[in-house]
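Right, one structure below, let's go through it.
The values are calculated or read from the model by the stated rules, or taken from the named source; none is laboratory data. As the structure is a prediction and not an experimental result, all values here were calculated from the model. A quick note on method: Cβ atoms are made from the backbone with ideal geometry, for glycine too, and the neighbour counts reach across all protein chains shown.
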């Protein structure tokens, strides 16, 4: 070990590190004439090791009986007393030599007569008996102040304080003041010192010093032995912490680095630093406590302030420690024993406060809060929860109230309330959560019977918090992707500039491609930085993606990721590609899944992470040549949906996955977004100003621009009618929604039963139910069907699905709906609420909680199973009971969340759906091959007996009028109407008029935001950045403008 020497300035933190050069000089030369000349301290590591033996062998509890005298640590029992062996005793004396009790000699109390009243509290002094004689010493805080002023570490200060405070408590005569002194409490009518506090305070200081120095702290076994030796009633370290907390003693003597310590001139006694008094003046105590804070004011303070009924005052839940920066989660995301381990780890790592909630039969059982090294804990969170929660022999980060904390309420977990923390965690091998943990030792057996399982469903529900929400106006809100740029092999998109990437220490690039017929495609080329290309798989139309990059982290030659390096199958159809760079790694994602990761600088942050300047600052998409590959030509054929870039942001794996499923809630606003929705012309434009008001850009599309166009709004004039009803509109397998049944979703369509239904049968409306070649249903399913009513002319609905090995049905009364009338039907699975629902015209009509474990897949229900005759989703047909479904359909939409059904979007109303969560949209306005107007490239076909039929009016019939009184629809009257998008205002006006709107206040005046009509006003509500556009030239002013909830302002175009 390094030699002992005087302490250096405390700004250097813990003294576990080796002595520096100046320390050695002071050790040899000293500072003549100064107090520091005769003070020297041991290193924290040496002192803590010596203190451990002292506490275990000579604690008050160790003196009670031989069984508490731990011989494993060199203690010996002589029949009446437990003591250290000679070696350990000598070591501890050496740890005190050089500073104790020498520190007291520099106080004004030193040398005062203890018999004539000179040693008085008025002078900040009191009498102790040392070495069989009375000695005048300063108040504990004064000695601590002297130590702090002369370089003692927190460990030394904490030990001195505990020693002197044990002597000082007995001198306090005011019992109301006794609890204000650290470690003191009223017992048997007198102020007495709690040895448990002193031990806790020193061990805590040792652990903090060890953590700061990166060396091992006390082990749990050592802590348990130390705790047992403190008193007769303490069984382990958790019990000692509980004693300290329950008795209000948990105000540690923590001293700021380099501070002068408590003032020695104060005339009022204090047992510790000023933070231990009430009201506290340090940390969270400062925010909560005060003599003028009554119960009402306390209740109005943040969640970490609570009213103590025992002490009749407002207190900080965490004492003098910094206030917890917790924000209650907006959503709880369910997980299960069937959850993907990597996805669970990613979700937990991104969660708001690193809190996991575990329910038992619908009642909260425990809240786990990880407090140290969340990334490491997250890596095996699945294993910890569902297989083996706590085995200290094999599990790291396993210390209760050090690495993690457990609570019984969410409020206590947010506040990190010391008094509410669980105190018991026994080591249990192969025991899922909560393993051997419980609120206290007395409830351990009860909680042992409430464990999770990795192999079968239980009565638990497990949730992680959602990520921190993106601030209002800062979230990505892409427009609907109706059009795509079409590449013919002889055209390209190009522009000068660097897409704002140069200088950025992180970035994200995203595009979506459908490359049918390409022979090596050039998706994106930024010379001197990166390119994304494809190589065509022999004899197929499939593609492998190739990423090349250079210059990042001082790379001097290009890195190529292709072929087997990707370890990914070839891709075909519409595919989303994302590249991220974070200063340490370059990652390639395909359809939300990470396929390639390149480690820069051994995974450590680069010394120069910024993107270097580009000699040739330009970018292109679809070019015949590539700046990274001069060996061949590129022939790009197919479609590109968009190009989005984030400068300074490397999106997380979870956010990349969310985007692939149209979930943008936690995705920040990009720097640039080309949506390629112009539809004509040679200029493509940046969709909106990016973060920080980044300039919008333009690019050239030529020499012959081309576009694939899709409807921008539901059809007002046509729908599909099944004349025979034996076949289905089949939606082929698609990566856009292949995992839809793993979580929440919403499916909806307009439906009209054209004639009475077959008695005793179920007629498929939509879902994934389909027969295999033997006539049996394949796999699991989630299906909405129509069933005949009791009376002719009426019918009902059945929601049927498999979950937890069983088939469940929810039935709407058989006479609830009328034949030959249009209805907007929506089904929803909400895994967060654990419900399945059916809506009719936006009103909830059916709900079921028989969905099994909240996040469990629907028993293999998929949309890509090769076991089916045709994989995918289906509308109509005779799959369920072999009976035809003669019906009409319009506007089928699928969302990757439990969104409010967007009634009345569809026939009769001209508003397009929102792009958020939308993964499939079939307007169903044509026969034969259908178009996916969501822009995600799903393929669907209507068989020959589906006939394109003209609507008799812009509104299908009079039943699509808004209700005269507010309904139970999720968003009130008309749900989420988004304004008019029709080219001709008259058509839009006719559409709205047919739906019952006052055309004098319709969307033809202005568009933007969510449009509602209240009290004669047209109300445009914006919940994120958007554009308010007046459509009529004769309108020059607004009657009323109300801005609330943080309007961010914006640019005004025109007069």
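In table form, for the structure just shown:
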item: Residue under evaluation residue 615, criteria (1) under 21 Å from residue 700 (Cα atoms); (2) crowded, with 22+ Cβ neighbours inside 10 Å, criterion not met; result: (2)
item: Test: residue in the stretch 657-669 that is out of contact with any helix residue (DSSP H, G or I) (no Cβ under 6 Å at 6 or more places or on another chain), at positive phi and either in the same structural domain as residue 610 (by TED's automatic domain parsing) or at pLDDT below 90 (or both); result: yes
item: Single residue of 639, 676, 628 found to be over 22 Å from residue 517 (Cβ atoms) and at pLDDT 90 or above; result: 628
item: Residue within the stretch 68-83 that is more than 51 Å from the chain's Cα centre (by Cα), closer than 29 Å to residue 134 by Cβ, modelled with pLDDT of 90 or more and crowded, with 19+ Cβ neighbours inside 10 Å present; result: yes
item: Selection count, the stretch 403-428, where residues are surrounded by fewer than 21 Cβ atoms within 10 Å (Cβ to Cβ) and closer than 20 Å to residue 383 by Cα; result: 4
item: Selected residue [more than 28 Å from the chain's Cα centre (by Cα) and either modelled with pLDDT under 80 or over 17 Å from residue 746 (Cβ atoms) (or both)] from 876, 834; result: 876
item: Selection status of residue 695, assigned to a loop (DSSP other than H, G, I, E, B) and without any contact (Cβ under 8 Å) to a residue 12 or more places away in the chain; result: yes
item: Residue in the stretch 188-199 that is farther than 16 Å from residue 166 by Cβ and in the same structural domain as residue 61 (by TED's automatic domain parsing) present; result: yes
item: Verdict on residue 443 being surrounded by fewer than 22 Cβ atoms within 10 Å (Cβ to Cβ) and either modelled with pLDDT under 90 or closer than 30 Å to residue 675 by Cβ (or both); result: no
item: Unmet requirement for residue 362, which otherwise passes all of (1) buried (at least 21 other Cβ atoms within 10 Å of the Cβ); (2) at pLDDT below 85; result: (1)
item: Evaluation of residue 664 against (1) in a loop (DSSP other than H, G, I, E, B); (2) farther than 20 Å from residue 530 by Cβ; (3) out of contact with any strand residue (DSSP E or B) (no Cβ under 8 Å at 6 or more places or on another chain) (one fails), failing number; result: (3)
item: Strands (runs of 3 or more DSSP E) wholly inside the stretch 118-194 containing at least 1 residues that are in contact with a helix residue (DSSP H, G or I) (Cβ under 7 Å, 6 or more places away or on another chain) and closer than 24 Å to residue 206 by Cα; result: 184-187, 190-193
item: Cross-chain or 6+ apart pairs with Cβ under 7 Å, the stretch 207-222 first and under 12 Å from residue 49 (Cα atoms) and assigned by TED's automatic domain parsing to the domain that holds residue 51, then at pLDDT 85 or above and in a loop (DSSP other than H, G, I, E, B); result: 207/218
item: Of the criteria (1) under 30 Å from residue 232 (Cβ atoms); (2) out of contact with any strand residue (DSSP E or B) (no Cβ under 7 Å at 6 or more places or on another chain), which one residue 76 fails; result: (2)
item: Selection from the stretch 109-129 of residues that are within 15 Å of residue 141 (Cβ to Cβ) and at pLDDT below 85; result: 121, 123, 124
item: Residue among 787, 809, 764 that alone is surrounded by fewer than 23 Cβ atoms within 10 Å (Cβ to Cβ), under 44 Å from the mean Cα position of the chain (by Cα) and at pLDDT 75 or above; result: 787
item: Selection count, the stretch 334-350, where residues are more than 9 Å from the chain's Cα centre (by Cα) and surrounded by 20 or more Cβ atoms within 10 Å (Cβ to Cβ); result: 7
item: Selected residue [at pLDDT below 85, over 30 Å from residue 329 (Cα atoms) and under 37 Å from the mean Cα position of the chain (by Cα)] from 727, 712, 699; result: 712
item: Number of the condition not met by residue 173 [criteria: (1) farther than 21 Å from residue 234 by Cα; (2) at pLDDT 80 or above; (3) buried (at least 17 other Cβ atoms within 10 Å of the Cβ); (4) out of contact with any strand residue (DSSP E or B) (no Cβ under 6 Å at 6 or more places or on another chain)]; result: (3)
item: Hey, residue 149 in contact (Cβ under 8 Å) with a residue 40 or more places away in the chain, surrounded by fewer than 19 Cβ atoms within 10 Å (Cβ to Cβ), over 24 Å from residue 46 (Cα atoms) and in the same structural domain as residue 162 (by TED's automatic domain parsing) or not; result: no
item: Pick from the stretch 839-871, criterion over 23 Å from residue 362 (Cβ atoms) and in a strand (DSSP E or B), ranking: modelled with the lowest pLDDT; result: 843
item: Whichever residue in the stretch 424-439 is part of a loop (DSSP other than H, G, I, E, B) and modelled with pLDDT of 90 or more and, among such residues, is farthest from residue 385 (Cα to Cα); result: 439
item: Some residue of the stretch 51-62 being at pLDDT 50 or above, assigned to a loop (DSSP other than H, G, I, E, B) and in contact with a helix residue (DSSP H, G or I) (Cβ under 6 Å, 6 or more places away or on another chain); result: yes
item: Yes/no for residue 515 being out of contact with any helix residue (DSSP H, G or I) (no Cβ under 9 Å at 6 or more places or on another chain), surrounded by 24 or more Cβ atoms within 10 Å (Cβ to Cβ), at pLDDT below 85 and within 18 Å of residue 589 (Cβ to Cβ); result: yes
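Residue by residue, here is whether (1) farther than 22 Å from residue 156 by Cβ; (2) outside the structural domain of residue 122 (by TED's automatic domain parsing); (3) at pLDDT 80 or above; (4) in contact with a strand residue (DSSP E or B) (Cβ under 8 Å, 6 or more places away or on another chain) holds:
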site	(1), (2), (3), (4)
250	no, no, no, no
255	no, no, no, no
263	no, no, no, no
287	yes, yes, yes, yes
292	yes, yes, yes, no
298	yes, yes, yes, yes
309	yes, yes, yes, no
